[in-house]
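In what follows, a single structure is set out as structure tokens and then discussed.
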Amino acid sequence: MALRPHTVQTLLVKEPVGALALAIERRELFTAGETSQIHVWSLDDGRMTRSFEAHAGSMTSLTWLSHVRLLASTSLDHSMAVWSPKGDKMAKAKFPCAVYAGCYSTKCDLFVVGGKHKMFAMKLSQSAIAEWTLKVVATFEEHQDFVSQIVCTPVGRMFSCGFDGFICAFELNVEDKLVLMTVSGERAKARCHKSAITCASFNSEANQLITGGLWVCVQGSLIPHVFDTRTGTDLSVFLPPVNLKEMLLEDFPVKIVASQDTKELVTVSNHQVMVTWRFDPLSCISVIRGHTDWVELLLRTPGINPEIISAGADSTVRRWHSPTPLYPQLYSFKDTMYGHQGSVCCGTVNEEGTMVFTGGDDSVIRGWSL
């Protein structure tokens, strides 16, 4: 499936965006940054609908809790708060350090936040009189620096990533207490980056944790880069081009948030441009480049591993590898066959898929062995 821009909107805020959260059921995007306010934007037209006062310091994470229709925020002012969509404060908790990351685990019903050296597991509960409270149920000190990212998986495991380059894995034990995992007697803690880990995501289909470090970045275009998670291959060059305004060409995404339910992606650029992307199942899924003139012939060979045969006005006949099991939409270049002195206009493949015959405006029919 291809990405297509749905809305493009310049954010009417001056501060850099430091946190995003999607409320798909409300068709809203929440943003926060270096000021005390949380801004709310419409996903349908990109306009800001309202803002409300939240924290005294820069906000570092926003999380939409869909099961209770509440928004959670963390901040450098040593606090975490829970808000109604309209901006009413429902609960708040204070910590001994600034909070840099937060994530909610639906499976464990815990909100986990991370600060300097410390990580706190929080329980959000509602009393009989409809009052919400936040309570610390566990504290961890596994990192030697700031906890920069926390990722919660659908099966209930949690990963913490730090500026120290370490990744730690946590899960609930038989007593339903959150603990550091052990594998064959070894603690599930390892240094995976030489420098600070600055971003992380979980691929539930492949059961993979994907992390990015301080010295690795993808920039230069407002269009998001797309990678094959199993091979690390950059698939962006195979995707069809997207036309955006010329003013956006110097932008690059600094924050990305996605919804698996609606197949939507929201990016915010370094110049405060917000783009809502949608996956279009009916659009072009790959672009194959190689010919230098009109392509006038396309053939597909029979068999389990078919090939694409192409030819055209550049007098060449080209072969393309069949898609791989890892990424079935891609065709890669295999071979070029030369011989025609003019445009190749027609052709056919034999039933066995071992020969292709082409004819051109040079009045010659040629047979090629595959």
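What residues from the stretch 86-124 fall in the zone where the backbone N is under 18 Å from a label point 7 Å along the Cα-to-C-beta line of Val137?
From the stretch 86-124, the list is 91-94, 102-114, 119-124.
Can you check what the net charge comes to around Thr262, using other residues whose Cβ is under 13 Å from the Cβ of Thr262 (Lys, Arg +1; Asp, Glu -1)?
For residues surrounding Thr262, the net value is -2.
Give the ranking of Phe140, Phe333 by solvent-accessible surface, highest area first, calculated with a 1.4 Å probe.
On the way: Phe140 25, Phe333 100 Å².
Listed by decreasing accessible area, they come as Phe333, Phe140.
I want to make sure I understand the PRE zone here: with the label point 7 angstrom from the Cα of Thr348 toward its beta carbon, which residues in the stretch 292-313 have backbone N atoms less than 16 Å away?
Under cut-off, by backbone N: 298-302.
So between Arg289 and Leu180, what do we pick up on full extension, going 0.36 nm a residue minus the alpha carbon distance?
Details: separation 109, 0.36 × 109 = 39.24 nm, distance 4.90 nm.
Taking Arg289 through Leu180 to full extension adds about 34.3 nm, to one decimal.
Can you classify the stretch 49-107 as rounded, prolate or oblate using the Cα gyration tensor, where a ≥ b ≥ c are the square roots of its eigenvalues, rounded means a/c under 1.5, and otherwise it's prolate if a/b beats b/c and oblate if not?
Cα axes put the stretch 49-107 in the oblate bin.
What does the net charge come to around Gly347 if you take all other residues with beta carbon closer than 10 Å to its beta carbon, with K and R at +1 and D and E at -1? Spell out each step's value before the answer.
Numbers: positive: Arg366; negative: Glu296.
For residues surrounding Gly347, the net value is 0.
What would the Debye equation give as log₁₀ I(q)/I(0) for the stretch 296-370 at q = 0.19, 0.22, 0.26 Å⁻¹, counting only Cα atoms as equal point scatterers?
With one equal scatterer per Cα and no solvent, log10 I(q)/I(0) is -0.73, -0.93, -1.20.
For the pair Leu298/Val155, report the inter-label distance in nm, with labels modelled 7 Å from Cα in the Cβ direction.
About 4.0 nm separates the two model spin labels.
Starting from the amide H of Thr7, placed 1.01 Å from N in the peptide plane, find each other amide H under 5 Å away whose residue is 5 or more places distant or on another chain.
Sorted by chain and number, the residues that satisfy this are Thr276.
Restricting to lysines 8 or more places apart or on different chains, can you count the pairs in the stretch 1-137 with Cα atoms under 23 Å from each other?
Lysine pair count for the stretch 1-137: 20.
Between His117 and Thr336, with labels modelled 7 Å along Cα→Cβ, what's the label distance in nm to one decimal, could you check?
Distance between label points: 6.3 nm.
The values are calculated or read from the model by the stated rules, or taken from the named source; none is laboratory data. Everything quoted here is computed from the prediction, not taken from an experiment. Note that we place each Cβ from the backbone using ideal geometry, even for glycine, and neighbour counts take in every protein chain shown. Remember, those area values only see protein heavy atoms, side chains included, never the ligands or the DNA or RNA. Shrake-Rupley method; radii C 1.70, N 1.55, O 1.52, S 1.80 Å.
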